[in-house]
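The structure appears below as C-alpha cells.
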Amino acid sequence: MALLAAYAFVLLPFLGFLTGSVLLVLTLTMLYASNRVAVAAGGIGIAFAMWALFAYALVEPLPVGLLWR
C-alpha cells in the first residue's frame, strides 16, 4: 500500500504517468518476481501500451508531471 500511495501522490504528480509507472513496475519486479527480466519487460510494455491507449485511442490527457513541463 505504501508503494501505491507513493506512486499516486509522489510519482504521478512529479514524474508523470509513463515515468512513474515504469519506476513502479521496476520496483515491484525487484521485490516480488523470480524471473525479473521477463516480468519487468512485460510491465514496461503494459505501461507503454496503457499510455498509448489513453493518449491516442481515447484522447485523454495523462499526468505529464512537473519535471517535464
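Residues that are assigned to a helix (DSSP H, G or I), open to solvent by 40 Å² or more (accessible area, probe 1.4 Å), in contact with a helix residue (DSSP H, G or I) (Cβ under 9 Å, 6 or more places away or on another chain) and modelled with pLDDT under 85: does segment 33-47 have at least one?
Yes, segment 33-47 contains at least one residue that is assigned to a helix (DSSP H, G or I), open to solvent by 40 Å² or more (accessible area, probe 1.4 Å), in contact with a helix residue (DSSP H, G or I) (Cβ under 9 Å, 6 or more places away or on another chain) and modelled with pLDDT under 85.
Can you tell me which residue is least open to solvent (accessible area, probe 1.4 Å) among those in segment 56-69 that are in a helix (DSSP H, G or I) and modelled with pLDDT under 85? Steps first, please.
So the first thing to find is which residues in segment 56-69 are in a helix (DSSP H, G or I), and the list is 56-57, 66-68.
Of the ones still in play, those that are also modelled with pLDDT under 85 are 66-68.
On the way: LEU66: 115, LEU67: 88, TRP68: 146 Å².
Per the criteria, the residue is LEU67.
The values are calculated or read from the model by the stated rules, or taken from the named source; none is laboratory data. Since we're looking at a predicted model, the values are computed, not measured. Counting neighbours? That spans all protein chains shown, and the Cβs are built from the backbone with ideal geometry, glycine included. Just the protein is used for accessible areas: all its heavy atoms, side chains included, with ligands, DNA and RNA removed. Shrake-Rupley method; radii C 1.70, N 1.55, O 1.52, S 1.80 Å.
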